[in-house]
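Undergrad: Can you read through this structure? Questions will come right after.
Quick note: the coordinates plus some simple rules give every number you see, no bench work behind them. All values reported here derive from a predicted model rather than from experimental measurement. Please note: Cβ atoms are built from the backbone with ideal geometry, for glycine as well, and neighbour counts cover all protein chains shown.
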Amino acid sequence: MMEIPDYDKALYFTLWGQWDDLLVLMVRTNDDILSKKIETFLHAFHYSRDDQQIMNNHDSLLHYIDHAMSYTPIATVDY
């Protein structure tokens, strides 16, 4: 099970253009889908000449992060 901080980090790194940190997160996360979305975006960003493809991959990554954060249960503490 992946922790929410990975999604928070992915969102932060994506919005602020911290591609090196995003790459490290891609390797370390346990969420295979998140890892693949990051890989696809970074590949398009670095190698694609098609701005629309880059934007589509960027939007797809952000959409997945948003989706995953909304369905990841928040840890609760039992007293």
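Undergrad: Mean 1/r over all different Cα pairs, inverted: what Kirkwood radius does region 4-71 give, in Å? Show your work: numbers first, answer last.
TA: Working: mean 1/r = 0.0852 Å⁻¹.
Result for region 4-71 stands at 11.7 Å.
Undergrad: Restricting attention to region 24-55, which chymotrypsin sites (Phe, Trp or Tyr not before Pro) occupy a DSSP loop and are surrounded by at most 15 other Cβ atoms within 10 Å? Walk me through the numbers before you get to the answer.
TA: Details: sites: Phe41, Phe45, Tyr47; in loops: none.
Passing both the DSSP loop test and the Cβ count: no residue.
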